[in-house]
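The values are calculated or read from the model by the stated rules, or taken from the named source; none is laboratory data. If you're wondering where the values come from, they're calculated on a predicted model, not measured in any experiment. We place every Cβ from the backbone using ideal geometry, glycine too, and count neighbours over all the protein chains shown.
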Amino acid sequence: MKQYHEILTSLDTNQQQAATIDKNAVIAAGAGSGKTRVLSARYVHLVVERGLAVDQILTLTFTTKAAAEMYSRIHATLRETDHPNARAALESFHLAKIQTIDSFCNAVARSACRSYGVSPDFSIDADQARRLAESLALAFFLEHRTSRALSHLLKNNSMANLPSALFAETMIRHSPISAPIDFPAVFDRQCAEMEQLLEKTLDAVYSSAARLGSIQAKSAAAEKLRPILENFPVRPDPSDRNGLIQLLAASDKIAGISKPGNAKNPDILALKEELGNYKDHWHGQLAAVSNFILNRDIIRETFSLLAEFQQIFNTKKREAGILTFTDVSRMAVDALVSNPELRSGYKNGIKAIMIDEFQDDNDLQKDLLFLLAEKEERRECSLPRPDELCPDKLFFVGDEKQSIYRFRGADVSVFRTLARDLGEEDMPRLDTNYRTEKPLLDLFNRIFPAVFLATSGADDTDIPLYEARFAPIQAFRNHPGLEPRMEVHLAFAEEQDDGDDPDALDHHEAEAEAVARTISGLLASGYPVRDGDSIRPVRSEDIAILFRSGTRQYLYERFLREYGIPSQSETLRGLFSDAPVNDLYALLRLAVFPRDTTAYAALLRSPFVAVGDDAFTLALLDRISEDPERFEPFSMKTADNLSGTDRERFLQGRSLYEEVRARADRMPVTELVSDLWYRLGYRYSLITNSSIAQFSELYDYFFELARQSDEMNQPIAVFLDSIADTMDSGEKIDNLDIPVERTGGVRLMTVHKSKGLEFPVVFLVDASYTGNKDTNREPVHFSREAGLSINTASPDDCESAGSNWFYERDREEERRMNEAELRRLLYVAMTRAETALYITGKITGKLDDDDDTATPSGISAILARKLEKKRPVYSSFLDLLLPVLSGDLPDNLLIRAISAEDRNSAAETAGTRPAAGKNGARESDWARLDMVPVTEYKPSRKTRFPVTALHIAAERPYSGAKRPRDELDRLLEEQRLTPAEFGTIAHRVIESGFTGLPATVPAGVQQAANDMAKRFFASALGDMALKAAWREAEYSFITRQTIGGQILTLTGQADLVFEHDGEIHVVDYKTDSVEDPEEHRFQLSIYRLAVSEIMEKPVKTWIFYLRSGNAVFVDTEAAASSFFTDLPIIIPE
């Protein structure tokens, strides 16, 4: 037991000041600075000195895990405190309010939800809410599929993506149930802003054009400019669409003129400057603003659709009682703002609030805390200002340099603004690191000032609030006997990717192999690490490999296994790169798809069969020589040519194959997989061999995938195809949170997952990864200032107006904010290390063996040249480190090139035998696993095709007259359109004749398309269609037919289907220059069968030749199954 003052004196000076501060405070707590210890001491201070009960102290954290740790630490600190208040607190500790912000918001929302039409028994289920939104979005999209706005948005979005991205995603991310978006108000506000901006843009454009015209320069650029400026359009009104389009066309021409080269003539220099200014600023701004002005009706209609869908979605959410965390947080704040009585209840009950990791919160969460901390007498229905808060109720702890959850809505500027408003200059700072050894911290203090844009205490008025400031880190640990180090290992891409050796590693593989080799060396040499106050050799569980993105995690898993190093990861990526899962998959695959040669080959080499080279070769030769349609694996023909052990194993494989084939789809996949794993001894063979025992845990993951498949009642073929898709894509596998037996191992995780953890040795790998490119591919863009805006495509009559102004305005700021978070992410990654830090990455370049470029100073010189050429844009960790790595290197910072020369010798030192090639297959002492290949599997043979993908093998010679080239052929060449593209346009015009809606058609072919539509409606067939009782254009279908002896699923889309006098007529429009109905008989036969199956009425099929106006009836009654069997149909592979 300790006295209260002993608890305090165990803290350093700054920690004591923070724990006992008597005013609202924002405490900056750097990495490893003991903030949880300070929060525990602060809690004891509130209990002992201020006499607060545990239910009067609200302690909030960011995650459930952090809340549990905080609960445990506070309870432990109270338990060791010798004071009556502490003992009373322990007795009532079950009433303690130590929870996440989300759970607190949940409690507030349930007390007020009836005001928002929500029952208090609602559930918080983000996944279920998303599924609800997705299903409603698809139905809503189909109901409004003829909308002009949706047709326009499909120019830049796929049909598969648009319903979800436009409707579901917008509601989930931006429309909480208590504060739905006022779409009409958003539209009106954006219209007003764009109209004002258009006038300012036109002022700038015409002023710049006047300056360009006044410059008397003699150059090629000036000659090109002169006729454009002489015919420059008059200034258009905002409502003058044609005038604005003409102006954009002229602006395009100016922007397309190259600036003059180097010159000393002042007129040419003036022209160069003004032309550059126009191209860089005013032309792009004019195009982006015009995008909104010209698409105003599309944007209005899109907002109207969003408002309608929002109403539907919120109604369904209320009925289902399903809310998201955003719904609950927003509702809690709205309830507290609008209900002073509810707010008073919480204010009176809560006397102190402590918030951990506040840098990961946002404005909404800050508003919640301000409402709880406002002065007792305040009752306005609004958010309080900082001067309206109780003076000593709030205690925030966080580190602006560790705000790395921007993708979840975290906003570091909230933390910095709060610190500024509450007087950060008078606050104690927790700047002593109790985690990392002093030599490493000395390096960090040299590196991070070059990474961050400002340091704490310096003038930062010009630094955006989203940029974190670095403060020097004070060291506590300097343990004798350790060897702290920081090393940067770089793979030179040209050296690794020469392509001469098929077994050579590419630079990503070389980097992963070098990391595994280095770890192997550390383990073999007994690299010393701290263990409390003593030192011991490093173990695999002391080492972490951190990724910015886990895209290439599978490579590191592969090479760690190759070197016999155990590992564990947060997400699974390398499941299919090693033998156990491949072997199980191959056997199941072959049982379901007996003609899969790849699966057959893998199974022959697997421990299930394990035949020798000769038998393997003979079996595959027999497979190739047989008719593929009649071949069965493990044929007796092959067995009869084998002898001895090979014959015995081959026949055992045959028995196994027949057994599994008989049981497939007759029992759950999990039962089948378990039987293969346990009864047949595969597991035993692995765990009894220490060099490959670590592979056994992969079965648990494969079993879980099988269990999930069984849970969804999927047949085994669907399960295997889903596995094949995952193998092809290489994507990570989520939702596999299962207990796996393992004893330690190198930890593989993303930097985000590592936050709050520490490791004696850290590898920050793939440091040259630049992340995803910033693109504007979604149908909507969201910004704080403008709210939601629509990413409209360019109008059909003005291709150059193709970008959303709000996105363009925000793009550079967004890039800078991403770069700011990259700095913070690097800080978090590097400060996880206690003793050793290795950073690895790729550099594009080549080392010269004839000089000293491979030395640290030589590599630094290469990096210095790279830095000189680099634009001031930082997109990778390595980019941020270039200024340091290209200068004078400190003594304890080593930089070296990655080389594969000593790969084998390094592995032998560690007692392992790496593979000679790049596939990662490793020799072992187990004879039946010695030749297991890493295989790639193709999905099952494709049986689904569009009708147009099938065609008759031998073309019949055409006996009719070929139509000569006509005016349409010349028009299409001029407009650069194919006949198929023009056919689509003509279909659109014909459809508009049925619907009465205008069709959007390129001006150059408008007349030709109109003429074709007139021919159709003037024909007897067109007249029947107009008078039809029912008709549908672009009629889609799916049907199953036996073609060439195979059952195929066929999809198609008939141009027009209508009913007249009890018969169904199918019309296929053709723009062919040669009229040969026989060429299309097969396609129309499928159409007739499919439509007759659906409509159950007589069907007639027609071709309408749009060039001539000829309607040709095509007799497809003969299209029975025998007809398809006799035709020489080519089915695509």
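Miscellaneous remarks
Yes/no matrix, rows are residues, columns are (1) over 24 Å from Lys753 (Cβ atoms); (2) touching a strand residue (DSSP E or B) at 6+ places or on another chain (Cβ under 6 Å):
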site: Lys65; (1), (2): no, no
site: Asn85; (1), (2): yes, no
site: Ile98; (1), (2): no, yes
site: Cys105; (1), (2): yes, no
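- For region 50-66, the set of residues classified as under 20 Å from Leu430 (Cα atoms) and assigned to a helix (DSSP H, G or I) consists of Ala66 only.
- For Lys200, the criteria (1) assigned to a helix (DSSP H, G or I); (2) surrounded by 14 or more Cβ atoms within 10 Å (Cβ to Cβ) hold in every case but one, which is (2).
- Residue in region 72-116 that is surrounded by the fewest Cβ atoms within 10 Å (Cβ to Cβ), counting only those that are without any contact (Cβ under 8 Å) to a residue 60 or more places away in the chain and more than 21 Å from Tyr43 (Cβ to Cβ): Arg114
- Close pairs from region 587-607: first outside the structural domain of Ser635 (by TED's automatic domain parsing) and more than 16 Å from Ser635 (Cα to Cα), partner hydrophobic (A, V, I, L, M, F, W, C) and part of a loop (DSSP other than H, G, I, E, B), Cβ under 8 Å, at least 6 apart: none
Residue by residue, here is whether (1) under 28 Å from Asp797 (Cβ atoms); (2) assigned by TED's automatic domain parsing to the domain that holds Ser239; (3) assigned to a helix (DSSP H, G or I); (4) touching a Ser or Thr at 6+ places or on another chain (Cβ under 8 Å) holds:
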| site | (1), (2), (3), (4) |
| --- | --- |
| Leu142 | no, yes, yes, no |
| Arg145 | yes, yes, no, no |
| Met159 | yes, yes, no, no |
| Phe167 | yes, yes, yes, no |
| Ser178 | no, yes, no, no |
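- Of all residues in region 517-562, those that are part of a loop (DSSP other than H, G, I, E, B) and modelled with pLDDT of 90 or more total 5.
- The residue that is modelled with the lowest pLDDT, counting only those in region 584-634 that are among the hydrophobic types (A, V, I, L, M, F, W, C) and assigned to a loop (DSSP other than H, G, I, E, B), is Phe631.
- Residues located in region 381-406, provided they are touching a Pro at 6+ places or on another chain (Cβ under 9 Å) and either among the hydroxyl-bearing types (Ser, Thr, Tyr) or crowded, with 20+ Cβ neighbours inside 10 Å (or both): none
- Candidates Arg429, Arg378 - the one that is over 30 Å from the mean Cα position of the chain (by Cα), under 21 Å from Gln16 (Cβ atoms) and surrounded by 15 or more Cβ atoms within 10 Å (Cβ to Cβ): Arg429
- Tyr71 being under 30 Å from Asn339 (Cα atoms) and aromatic (Phe, Trp, Tyr): no
- Screening Pro449 with (1) in a loop (DSSP other than H, G, I, E, B); (2) over 21 Å from Pro760 (Cβ atoms); (3) touching a residue at least 12 places away in the same chain (Cβ under 8 Å) gives one miss only, at (1).
- Filter result (in a strand (DSSP E or B) and surrounded by fewer than 16 Cβ atoms within 10 Å (Cβ to Cβ)) within region 117-134: Ser123
- Elements of type helices (runs of 4 or more DSSP H) in region 783-901, at least 3 residues being at pLDDT 85 or above: 805-830, 877-885
- Within region 440-486, being among the aromatic types (Phe, Trp, Tyr) and touching a Phe, Trp or Tyr at 6+ places or on another chain (Cβ under 7 Å) holds for Phe448, Phe452, Phe470, Phe476.
- Test: residue in region 407-418 that is surrounded by 21 or more Cβ atoms within 10 Å (Cβ to Cβ) and in contact with a strand residue (DSSP E or B) (Cβ under 8 Å, 6 or more places away or on another chain): yes
- Residue within region 995-1006 that is assigned by TED's automatic domain parsing to the domain that holds Gln1083, crowded, with 18+ Cβ neighbours inside 10 Å and modelled with pLDDT under 80 present: yes
- Considering only residues in region 1097-1124 that are part of a helix (DSSP H, G or I) and surrounded by 12 or more Cβ atoms within 10 Å (Cβ to Cβ), the one that is modelled with the lowest pLDDT turns out to be Phe1123.
- Residue, farthest from the chain's Cα centre (by Cα), within region 981-998, restricted to residues that are free of Cβ contacts under 8 Å to residues at least 24 places away in the same chain and in a helix (DSSP H, G or I): Ser992
- Exclusive hit being surrounded by 20 or more Cβ atoms within 10 Å (Cβ to Cβ) and not in a helix (DSSP H, G or I), set Val26, Val47: Val26
- On the stretch given as region 563-581, residues that are over 21 Å from Ala767 (Cα atoms), in contact with a helix residue (DSSP H, G or I) (Cβ under 6 Å, 6 or more places away or on another chain) and at pLDDT below 85 total 6.
- Being assigned to a loop (DSSP other than H, G, I, E, B), closer than 30 Å to Arg408 by Cα, touching a residue at least 40 places away in the same chain (Cβ under 8 Å) and within 42 Å of the chain's Cα centre (by Cα) is a property that does not hold for Ile172.
- Region 255-300 - residue that is assigned to a helix (DSSP H, G or I) and touching a His at 6+ places or on another chain (Cβ under 9 Å) and, of those, surrounded by the most Cβ atoms within 10 Å (Cβ to Cβ): Ile298
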